[in-house]
Every structure is written in structure tokens, then in C-alpha cells.
Amino acid sequence: MESKRSAALFNEAKKFIPGGVNSPVRAFKAVGGNPVFIRRADGPYLIDEDGNSYIELINSWGPMILGHNHPMIREAVIKAMEDGTSFGAPTEREIRIAELITHMVPCVDKVRMVNSGTEATMSAIRVARGYTGRDKFIKFEGNYHGHGDSFLISAGSGAITMGNPDSPGVTVGTAKDTLLAPYNDLEAVSRLVEANKDEIAAIILEPVAGNMGCVLPEPGFLQGLREICDDEGIVLIFDEVMTGFRLSKGGAQELFGIKPDMCTLGKIIGGGMPVGAYGGRKEIMEYVSPEGPVYQAGTLSGNPIAMAAGLAMLEYLNSHPEVYVELEQIGTTLVAGIKESLTSLGLPYTINHLNSMYSLFFTDQNVVDFESAKTCDTGRFGRYFQGMLQKGIYLAPSQFESLFLSTALKSEHIDRILDANEAVLKSL
Ligand SMILES: *Cc1c(COP(=O)(O)O)cnc(C)c1O
């Protein structure tokens, strides 16, 4: 595949943008080579600046659950633009999207819109601290909650990939209020809670992790956290920026039947525009300014164009439950095919999968937490990634990411992915 123009653009980009990209994982550092510069996208395809097209398995890191450039979203955006791009004053669409979110997501009685997942998690922790009057919180190793200072501690994909899990610039003072536990380890959580009695405001987690590769909660883990939080007056926060509106219409909390006190949303909620949100129980959300004392604001929050895209997406998902059946079938077919190839090639690798999220881990260990994820052969993953790219399949450029499927993948695309996968695995 020609990649001359992408290579030239990357060299030019590096002159003006740190590392040539506006978000680190895009730079292909973990897999080698130059990033592909994208000109446009449509349905299941990304088309690069050299004119190559790729079948998509990452979908803008999740948002494009219906595939790229969906006519329904495009039309909603164009229609909204005709009335102006920002007002800095309330609009009716903001009520409609908030109402719909409270209807779709079980734990949400009230919701505040922000502009990214990072803002959502930072704000949710602040509110949980304000509500409980406590300072500390627990997060899990390998879970990513955006790049807020207090979360950049064992933060999964981007950070592991860069080899500096604790970023310079995060102060010791900030880091000391973030307590870490291994994912799926309830005992460790109990010990932390015991050792920090009445000091823990919140436990935050990805209810299905996607940022150390796809890692599922073991049976009883989410329920156990719910019980600990109930016993100790701790706010349970599900970070559903990835899983929200993806694993089901109501996210992981609906799928597993565990109601957190708060949740954070992003990615799909904006239909491809920069949007995040946090919400939860009424008495907690009433702590948010101007109703309550916890300050949180945003000049462009609830932006009319972003709300139009998000509302179109959520209305579609809410009224088309068959999307989730279809996504599950796509995921099951794809993963079954990959497993078949692994068996026939005698390769011992591990696949974790739930609905439209999956990861192929280059390890023979079960991957249940960050430690086990780190047993992967990342060099081999890099060669696999490059091989797939050459065959026109675009994967996340890191072993420590989940893949995200869209309904734009039809059986002809799945066949092409499986053929490429088997050929590349054989050649490694
Ligand atoms: C992507 C992600 C975030 C951060 O969202 P941004 O919009 O990139 O700031 C937070 N939490 C989880 C679980 C994510 O996957």
C-alpha cells in the first residue's frame, strides 16, 4: 500500500504539533511506522490521504457505533448549523437530550453535559468529594478515566504505551489521594477501605475495561463493589464513557443489573462531536452548581451542534433496540472466526469479548487485570497490527485497547477481516 502522502504529512505535522498528533495513541509509537492520515470516512471504511481504504475496527475509539458519516447524524448537524453554532445560553435540545439520557441510563436522575470524557470524570469525582466531604478515591490499575491529574496513575493504554504510567506534572500531593487496586480484586478494595475508614469519597471504574484491552468484570465483582459502597457511604461511579450506549442502550449498568450512584458518559453520546456528560442520583447531582455548592462550568457545554448530533444518535439507539442484537451477532461471528483460526494454527492467544467490544491478546494467560494484560508480547502485536493495516484492516494501534464494532460491518467485511487475520497470524 502506498503511504507517501501520509508519511509526508506526518513529517510536516511534527514541526507544528507535539509528536505530530493531537492525542498520543494516534502516533503509532507502540506499533512502529507512521500514522495513516485520514481524508474521509464512510460506513465501515476509513479512506486515507493516499487513497487507500481500510475496514474499521476502532470507529473513532467508540463513537461511530452506526459506522461513519451516517446520513441521519449528518443531516441533524447541517440542520442545526443553519441556526448558528453557539449561543452560550440554554436551548430546548439540551432538555431533550437530558430527558432521554435519564430515560435510557438507569442510575441517572439528573445529568450535566460537558465537552469530553475527561471533563466528565474530573467533575464526577469533584461532586462525589463535595457530597461526601471526603478527599480520597479508589481507582483500578489499568483503567483509564481521561487525562485529569488525579487519574494519571496506572492509567492504562495511552500511558503504558508511552512507557510513563505516572506523568511528570502530576504532583505528589494530588497523587496521594488516588488509591489503587488491581481490577477484579475485591479483597484489595476491602483492605483499602478498611485502612482509609471514612476517608474515601468514591470508587470509580470501567465496569467493563477497555483501556488495558477488553477486560470483563468477574462474576460478583460489580455487586461486591456496590455492597462495599453501600456499607461505607462511598459513591460508586461507573465510568461508562466507552461502555455507555454500546454494551446495551443503558450501558454496562443495565447489562449487569448493577446501579451505580453516578456515571460518566462520552464518545457515543456526541455522535462523533466532542461531548461528555456526568449524571447520577438526584440528591448527589443537586450538589452541582448553580443548584448546589460544587462548581463546574463550560463555555461550549451543551453546544447546539454537538447536542443535535448526540440527540440524533441517542434517539436512534433508543428506538432501534435491534442495533444491539445486530452488534452482538457481528461480535460473536467475528470472535468465533478468530478463535477458529487460532485453533487451526495452534496459537495459544487469549480473546476477551463482550458484545461489540473485543481484544486479541498475544499471551496464553487469562487476562483479568493489568498484571495479566502486561504478559502480552507487544512486539508480536506490533507486527500483527502492521500486517492487518497492509491488508486494509484498521485496528487500534496498541495491544492495550479494546476494538469497537459498528453496525456498518456486513458479512462481506467480516469475511475480509477473518481472511486477513488468518493470513497475518500465519505469517508472524
Ligand atoms: C475515552 C475515555 C475517557 C476520556 O474521554 P475523552 O473524551 O478522551 O476525554 C474516559 N474514560 C474512559 C473509560 C474512556 O474510554
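Against the numbered list (1) crowded, with 19+ Cβ neighbours inside 10 Å; (2) more than 22 Å from the chain's Cα centre (by Cα); (3) at positive phi, residue 33 comes up short only at (1).
When the stretch 85-125 is limited to residues that are outside any helix (DSSP H, G or I) and hydroxyl-bearing (Ser, Thr, Tyr), the one that is nearest to the ligand (Cβ to nearest atom) turns out to be 116. Taking each residue of the stretch 67-91 that is among the hydroxyl-bearing types (Ser, Thr, Tyr) and modelled with pLDDT of 95 or more and looking for partners that are loosely packed, with under 12 Cβ neighbours inside 10 Å and in a loop (DSSP other than H, G, I, E, B) with beta-carbon atoms closer than 9 Å, six or more apart or interchain, yields 86/299.
The set of residues in the stretch 14-27 that are in contact (Cβ under 8 Å) with a residue 12 or more places away in the chain and more than 16 Å from the ligand (Cβ to nearest atom) contains only 20. Please go through the stretch 191-227 and give me each residue that is in contact with a strand residue (DSSP E or B) (Cβ under 8 Å, 6 or more places away or on another chain), of a type in the set (A, V, I, L, M) and within 20 Å of residue 264 (Cα to Cα), ordered by number. Passing the criteria: 200, 201, 202, 203, 204, 205, 208, 209, 215, 216, 225. Note on the stretch 237-265: residues that are among the aliphatic types (A, V, I, L, M) and part of a strand (DSSP E or B) total 3.
Those helices (runs of 4 or more DSSP H) of the stretch 324-427 in which at least 1 residues are under 26 Å from residue 256 (Cβ atoms), considering only elements entirely within it, cover 370-373. Each residue in the stretch 60-84 was checked for being in contact with a helix residue (DSSP H, G or I) (Cβ under 9 Å, 6 or more places away or on another chain) and either in a loop (DSSP other than H, G, I, E, B) or closer than 23 Å to residue 401 by Cα (or both), and 10 pass. The single residue among 313, 307 that is part of a helix (DSSP H, G or I) and either farther than 30 Å from residue 213 by Cβ or of a type in the set (S, T, N, Q) (or both) turns out to be 307. If the condition is being farther than 13 Å from residue 394 by Cβ, within 16 Å of the ligand (Cβ to nearest atom) and either surrounded by fewer than 22 Cβ atoms within 10 Å (Cβ to Cβ) or in the same structural domain as residue 243 (by TED's automatic domain parsing) (or both), then the stretch 36-68 contributes no residue at all.
Here's the yes/no breakdown for (1) buried (at least 16 other Cβ atoms within 10 Å of the Cβ); (2) assigned to a strand (DSSP E or B); (3) in contact with a strand residue (DSSP E or B) (Cβ under 8 Å, 6 or more places away or on another chain); (4) on the phi > 0 side of the Ramachandran plot:
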residue: 11; (1), (2), (3), (4): no, no, no, no
residue: 19; (1), (2), (3), (4): no, no, no, yes
residue: 22; (1), (2), (3), (4): no, no, no, no
residue: 29; (1), (2), (3), (4): yes, no, no, no
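Residue-level analysis places residue 358 outside the set of residues that are under 27 Å from residue 99 (Cα atoms), within 22 Å of the chain's Cα centre (by Cα) and among the hydroxyl-bearing types (Ser, Thr, Tyr). Residues in the stretch 190-245 that are within 16 Å of the ligand (Cβ to nearest atom) and small (Gly, Ala, Ser): 202, 209, 210, 213, 244. Screening the candidates 8, 30 for the property of being away from the ligand (no atom under 16 Å from the Cβ) and free of Cβ contacts under 8 Å to residues at least 12 places away in the same chain yields one hit, 8. Going residue by residue through the stretch 183-191, is there one that turns out to be surrounded by fewer than 24 Cβ atoms within 10 Å (Cβ to Cβ), without any contact (Cβ under 8 Å) to a residue 12 or more places away in the chain, in contact with a Pro (Cβ under 9 Å, 6 or more places away or on another chain) and not β-branched (Val, Ile, Thr)? Taking every residue of the stretch 183-191 in turn, at least one turns out to be surrounded by fewer than 24 Cβ atoms within 10 Å (Cβ to Cβ), without any contact (Cβ under 8 Å) to a residue 12 or more places away in the chain, in contact with a Pro (Cβ under 9 Å, 6 or more places away or on another chain) and not β-branched (Val, Ile, Thr). Summed over the stretch 367-388, the residues that are aliphatic (A, V, I, L, M) and either at pLDDT below 95 or out of contact with any strand residue (DSSP E or B) (no Cβ under 7 Å at 6 or more places or on another chain) (or both) give a count of 1.
The values are calculated or read from the model by the stated rules, or taken from the named source; none is laboratory data. Fair warning: this is a prediction, and the values are worked out from it, not measured in the lab. Here Cβ is always computed from backbone atoms with ideal geometry, including for glycine, and neighbour counts include all displayed protein chains.
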